Structures are given as C-alpha cells and as structure tokens.
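For reference, the structure is listed below as structure tokens.
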Amino acid sequence: MNIRLVKGMGLLWSSLFLLPSSWAATASISIAQLYQGSFLVGTAIKSSDLKKPPSLSSSLSCREFNAFTAENAMKWEHIHPTPDTYDFSMSDQLITMAQQCDAKVIGHTLVWHQQTPDWVFQDSQGNALSRDALLVRLKDHIDTVVGRYKGKVYGWDVVNEALNEDGTLRDTPWRNIIGDDYFIYAYRYARAADPDAQLYYNDFNLYKKAKVEGAITLVNQLLEAGEKVDAIGMQGHYSLFYPSLNEIEQSVQAIVNAGLSIAVTELDVSVLPLPDDAFSGADITQSFAAHPVYDPYTSRLPEAQEQQLAETYQGLFALFLKYADNVDRITFWGASDADSWRNNWPIRGRTDYPLLFDRQGRPKLAYQYVTQFIP
Ligand code: XIL
C-alpha cells in the first residue's frame, strides 16, 4: 500500500483537474491514498478508541490514514505503570486496529521526561537511582516494549523532547542521572530490540534555527557513535499565528542538507488566540487561565478563519511535497477537531479547530485545500 510510486506530485495534481469539486466529501480515495507516492499520512489514536469497539473517530482514522501513533497508550505511565507491571491492553489494540486498517504503527515514545512515573528514577526507598541502575531499567523497558512489537511497529520515537529552545540538552532526570550520553544508550537498546524498526528523534519548535541545529547535532552524535537514526521528527504543533512557512522551510532545508530525513509527527494548527505573544511550542506542563477572550469560536469557526486555516494547511502540504524525497510521513495529532488535545492545551476547555475533519468527522475546507487545489 505504501510503495513510493511517484515522488513529487505532478501526476497527482494533473489528475485532480479531472475531479468534480465536491469529490472530497464523497470520494472513496483517502488523503493517505492521495499522497501514497510521496509520504505516509497518519493520525494519533486516542486512548478511548483503544478501550472500546471502533467509534466514529476510529473508523475515520481507518478510512483516511495509513499510519497510527498512540496519542498516549504507549507512553511509560500507561504501558509500564509500576515497576513490575506492563499494561499492553491498549497498545495491543492499536496493533490490531492498524492491521485491520492496513496502517503502519508508530511507537510513541520510549524516553521522555513527561508522562513517566517518578518511580522510574527512584529505588524502592525513593532515593535517586544510580546511572547503572537506571540504564538497566531503561534497557528492560525498551527490550520489553520494543521486543513485544518487533516486526509490528514501523518506527519508534525513541527520545522525545531532549532539547532546550537554544538547542542545548534539556535537564531531565534521564540526563541528570545517566549523563549526556543517555540518548546513545536509548538508541542502542532500541536497535538491538528491533533492528528493522525505524528510529526517530522527536521534538517541538524545530522551526527555530537554534533548536533544529541542536537536533541535527544530537543525531550526528548518535550516528558517530555507530547508532541508527532514520529521521528527525518535527512535531508540528502550530498555530495560525506562527511559525511562518519560511521558518519551517529553513529548518527542513537544514535537516535535508545534513543528509537526514524528516517525519512530521504531530501536526495540528490551532486557530485560537495565543495566551501570550511569546507563546509557542508544545510543553505539556504549560497552562494558562481560561477567559472568554481566548475562546472566541465556541459555536462555529467564522469563514475568515476557516479560509486562513485552509490556506495554512495548503502551504504546509505544498512545502512538504517540495521536499517529498526527504519527508517520510505527515501525522496529524488526531483525526477530528473533537479529538484534539488543543481543546485543552495550553488553556483547558476551549473550542479549537486545528485538524482536517470537523467535530462530526466531515472534511473541512482545509481538507479540500490539501487534497484538491494546486499549491
Ligand atoms: C499529549 C496528548 O495529546 C495529551 O492527550 C496528553 O494529555 C499530553 O500529551 N508532544 C508530544 C505528545 O510528544 O506526546 C503530546 O501529546 C503533545 C506534545
């Protein structure tokens, strides 16, 4: 299904001239099929879809996308909640769902400082673990999780968000206890557990020059140490107000020039006002007080913003197509607006419209723009 038949979209765009204007709502061809010659098009699958029989959103995911990332189910706190307990119920369900839908599975994520229980970094008395003990624990986790899904997970976000905004290494318990080389061990263990799985370094705000340079340096250190890294994951939690396409393109070019591949791993475009002018990124611990001024579209998205969102997505897809030889995948962080974490972050309880499908699962103008119009 995912064979790269056509790199570059000349054929696709010319064939689209033949399609009626209303085709997007009714067509049997999905966005993933449309881009099949260029890159995978994926979505995050929320945990509630992995706990019950298929729902509207899981059937939408199945119909439209060919790569699934667990939004939360494979994070340490869910898959390995206590030292002696692994819980594979949701992650096994993700594998089954992906097999039924002929989609690839992306494993998210093995090493992160968020959504990781405190016990991971402590001994049974609650004291900080030694470097050696934490490395043993990390290896056990990676062996168990990656080993279980050997041959079934297409690629892993091995380390997530290890960098500060200036490109230096972030202080996390992983770094503080193991040292600066912790990520080398993580990639070594992951490769040993499934030599054929792709391995990614994943982070947000990689449109910033200093941060993308930090990511490239980190990946080069891994490659020099003899480890395997297949792509840099640019999360892509964007907004109508930032970043500019030019900023993203500069970063894409920097990654391509370094000889590396790109996966856009968590794409969404918030339409809501920013909580402050300097706001950007995807730090999940950030939280701002709710106020109606920051939640202006509770009943519907006005046409002007709908149009702006569509044009933003069209620009993003045109850019990714331009670099399709180096872009392996575009994954949205959810299928419909009802699913999106952006409704609750960085301000809880808002009504955001960041994805291609509306709250009823119907394709939005943005869907038409990325599937129908010539950039
Ligand atoms: C988010 C999920 O979408 C939320 O449901 C959860 O409460 C917090 O995490 N960067 C990542 C993702 O790598 O795992 C985060 O997902 C969003 C930011």
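Observations on the structure shown:
- Spin-label zone in segment 110-131 - amide nitrogen under 20 Å from a point set 7 Å from the Cα of Asn176 along the C-beta vector: 111-131
- For segment 38-50, backbone phi angles converted through the Karplus equation (6.51, -1.76, 1.60; θ = phi - 60°) give residue-by-residue couplings of 10, 7, 5, 10, x, 9, 7, 10, 7, 4, 4, 6, 9 Hz, Gly and Pro being listed as x.
- Derived scalar couplings ³J(HN,Hα) [segment 60-75; Karplus, 6.51 cos²θ - 1.76 cosθ + 1.60; whole Hz; x for Gly, Pro]: 4, 4, 5, 6, 9, 10, 10, 8, 10, 10, 5, 5, 9, 4, 9, 5
- Rounded FRET efficiency, nearest 0.05, which uses the C-beta distance separating Ser28 from Asp118 and R0 of 35 Å: 0.10
- With 24 Å as the limit, the listed pairs Lys139/Lys228; Lys46/Lys208; Lys75/Lys150; Lys51/Lys228 have Lys46/Lys208; Lys51/Lys228 beyond it between alpha carbons.
- Shown for the chain is the translational diffusion coefficient from the Stokes-Einstein equation, using the Kirkwood radius over Cα pairs, a temperature of 20 °C and a viscosity of 1.002 mPa s: 101 µm²/s.
- Nearest-0.05 FRET efficiency for Ser244 and His291, computed from C-beta distance (R0 25 Å): 0.40
- Residue-count net charge about Leu245 - beta-carbon cut-off 11 Å; Lys, Arg +1, Asp, Glu -1: -2
- Value of [θ]222 nm, deg cm²/dmol, for the chain, DSSP H segments ≥ 4, -39500 (n - 2.57) each, nearest 500: -10500 deg cm²/dmol
- In segment 3-370, Cα pairs under 8 Å separated by at least six residues give a relative contact order of 17 percent.
We did not get these values from a lab; they are worked out from the coordinates using the rules stated. On a predicted model such as this, the values are computed, not experimentally measured, just so you know. Virtual Cβ from ideal backbone geometry, glycine too; neighbours counted across all protein chains shown.
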